[in-house]
Amino acid sequence: MAYRSAMVAAFAAILIWSFSYPVARVGLRHFDPLHLSGLRLVVAALALSVIALPRRVGLPDRGDRLRVVGAGLVGMTFYLAILYIGLQDVESASAAILIALTPIFVAVLSGPMIGERLTVWGWSGLLLAFPGAALVILGQGGGLDIGGSSLLLLVAAFAHALYNVLAKSLVARYSPLQVASWSMWVGAVTSLPLLLGAPGQVADAPWDSLLSFIYLGVCGSALGFVLWGRAMVGAPAAVVSSALYATPPLSALIGWLLLDERPTVWVVIGGMVVLGAVTMVIRRGVAPVHQGS
């Protein structure tokens with residue numbers, strides 16, 4: 001896949017995910033966060049099954065199965081559960097800005113895992129990003145509670161970064177549809193214990209909450225992660241993840257239009273610092289990969 005096509009796929013996924021934050025907050029008005037994350041993964045797994053099973057996607061090679069299970073557990077089950085617990089108390093724009101730290105975590109993990117190295121510019125951007133994240137945390141309605149939901153979102157960002165690096169290593173040998181399907185199936189199966197009590201919530205759910213987890217499953221997970229996998233085929237993991245820069249402003253706009261969420265000036269300033277730092281890391285912070293690494 002050409003580099004340009006890879007970035008088009010990445011930004012298409014980002015546009016879908018930008019809607020996912022405010023849509024998830026709509027769902028969280030009715031659903032428990034663990035129920036919402038589990039329902040999203042089950043819907044995504046069913047949607048991908050309709051496409052993947054007729055194409056006989058098969059199973060990963062024996063040596064890659066542990067990596068696939070890790071991608072599903074960390075990048076789907078754990079990531080979404082932690083994300084939605086944090087998203088209960090954090091507005092869409094703030095959540096998107098904190099998750100936008102993912103590219104920095106990707107840059108850190110890419111060194112030992114796939115051979116991408118940080119330069120001095122990269123480490124400078126990494127250090128600059130955390131004061132920006134602190135401004136986002138302090139600028140929320142929750143005030144000084146930095147030990148709560150905002151820190152959970154930082155953990156979610158790290159989990160998302162680990163999935164990105166694992167997926168990058170897998171799409172070198174498998175198709176994006178295979179990687180997304182295997183990850184989603186693992187996520188759906190391991191999320192089943194989280195769905196105790198979910199049928200009752202589904203039966204009583206208003207239409208907008210029902211549409212929320214259907215959108216999140218079909219678009220946010222099934223389509224979004226297939227597009228993200230296609231992007232990983234054609235560009236380095238750190239470069240692809242830089243498309244997450246667009247998530248905070250898009251989510252801020254969507255959250256304002258749909259949920260009347262008005263970000264504070266500190267959230268805006270912190271977001272600018274975070275995005276500037278991430279830009280520094282991606283544009284000047286990743287050293288070329290040496291041949292054979």
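The table for this structure:
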item	result
Some residue of the range 133-146 being at pLDDT below 90, closer than 28 Å to A9 by Cα and assigned to a helix (DSSP H, G or I)	yes
Residue within the range 51-59 that is under 26 Å from A243 (Cα atoms) and of a type in the set (A, V, I, L, M) present	no
Residue within the range 122-130 that is under 13 Å from the mean Cα position of the chain (by Cα), at pLDDT 75 or above and part of a helix (DSSP H, G or I) present	no
Identity of the residue in the range 1-40, part of a helix (DSSP H, G or I) and charged (D, E, K, R), that ends up nearest to A180 (Cα to Cα)	R40
Total residues in the range 255-289, condition surrounded by fewer than 22 Cβ atoms within 10 Å (Cβ to Cβ), in contact with a helix residue (DSSP H, G or I) (Cβ under 6 Å, 6 or more places away or on another chain) and at pLDDT below 70	3
Given (1) at positive phi; (2) at pLDDT 70 or above, number of the condition G292 does not satisfy	(2)
The range 63-113: number of residues that are modelled with pLDDT of 85 or more and hydrophobic (A, V, I, L, M, F, W, C)	16
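The values are calculated or read from the model by the stated rules, or taken from the named source; none is laboratory data. Keep in mind the model is a prediction, meaning the values are calculated, not measured. Here the Cβ is made from the backbone with ideal geometry for all residues, glycine too, and neighbour counts use every protein chain on show.
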